[in-house]
1. So which residues in the range 44-58 are under 16 Å from the mean Cα position of the chain (by Cα) and either farther than 26 Å from residue 132 by Cα or modelled with pLDDT of 95 or more (or both), if there are any at all?
2. Just give me the residues in the range 88-133 being within 15 Å of ligand 2 (Cβ to nearest atom), farther than 15 Å from residue 157 by Cα and not in a helix (DSSP H, G or I), in sequence order.
3. Those residues that are more than 15 Å from residue 169 (Cβ to Cβ) and either surrounded by 14 or more Cβ atoms within 10 Å (Cβ to Cβ) or touching a residue at least 60 places away in the same chain (Cβ under 8 Å) (or both), I need them from the range 6-19; list them, please.
4. Please find, within the range 28-58, the residue that is farthest from residue 163 (Cα to Cα) out of those that are without any contact (Cβ under 8 Å) to a residue 60 or more places away in the chain and part of a loop (DSSP other than H, G, I, E, B).
5. Looking at (1) surrounded by fewer than 22 Cβ atoms within 10 Å (Cβ to Cβ); (2) more than 16 Å from ligand 1 (Cβ to nearest atom), which is the only condition residue 62 fails?
6. Might you let me know whether the range 148-158 holds any residue that is at pLDDT below 70, surrounded by fewer than 19 Cβ atoms within 10 Å (Cβ to Cβ) and either over 22 Å from residue 24 (Cα atoms) or in contact with a strand residue (DSSP E or B) (Cβ under 7 Å, 6 or more places away or on another chain) (or both)?
7. Only residues that are within 17 Å of residue 114 (Cβ to Cβ) and near ligand 1 (Cβ under 9 Å from one of its atoms): list them for the range 17-37, please.
8. Out of all the residues in the range 165-175, which are assigned to a loop (DSSP other than H, G, I, E, B) and surrounded by fewer than 21 Cβ atoms within 10 Å (Cβ to Cβ)?
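The values are calculated or read from the model by the stated rules, or taken from the named source; none is laboratory data. Computed from a predicted structure; not experimentally measured. As a convention, Cβ positions derive from the backbone with ideal geometry for all residues, glycine included, and neighbour counts pool all protein chains shown.
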Ligand SMILES: [Zn+2]
Ligand SMILES: [Zn+2]
């Protein structure tokens, strides 16, 4: 397959002095800051790094082919998970989800993985590890799950919508099992022409996860018999308010 390329110079030039009214309630405005080739074990991509002057989060798009002016581009949104993505933690299935998405997109003519730097679903690494600690202390996993469920969806979707706009994508098909994500993106002006179910193929790494999921009907149990926290859970979740999180933190 001969892959088309992003018009790199054109995108960089357009974004050099980019400023707009911003997306969403928080008026998120970000711009493309750097682009390079990124061959990976999942296929050849180009990595596009965005600069966000609001909070210095460097969101990233892993782009396959030329997505500018393209319709129906398959897109996956992934939230950063240091413990899962990088360290191979079994407490969640983020890495399985990430690899499954990259494997699928790596076989396509074009596609995008948006890697959002929002550790622990926006609660940050410290709070995420505190939620893990709750479980280690044998407390109810419900509270820990709630703590992880507390995420700033709005900011993440606003940034994602802006990134797709910056890449000049005309319309997308979202790889997700959560229809709410689609509603959120549409509200932010993204044309979503459909949904691609995010199905993970069994492999030696996620076999256990899939078997457990089937056996326990949605309840994930890690190798030590503890329930796993599903940070990349596609069902969404309301999460706790700040006061509730503080209460739980005092318990650890
Ligand atoms: Zn902008
Ligand atoms: Zn994770």
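1. Residues satisfying the conditions are 47, 48, 49, 50.
2. Within the range 88-133, 88, 89, 90, 91, 92, 93, 123 meet the criteria.
3. 8, 12, 18 - these are the residues of the range 6-19 that are more than 15 Å from residue 169 (Cβ to Cβ) and either surrounded by 14 or more Cβ atoms within 10 Å (Cβ to Cβ) or touching a residue at least 60 places away in the same chain (Cβ under 8 Å) (or both).
4. Top of the filtered list is 41.
5. (1)
6. no
7. Residues satisfying the conditions are 23, 28, 29, 30, 31.
8. 168, 170, 171
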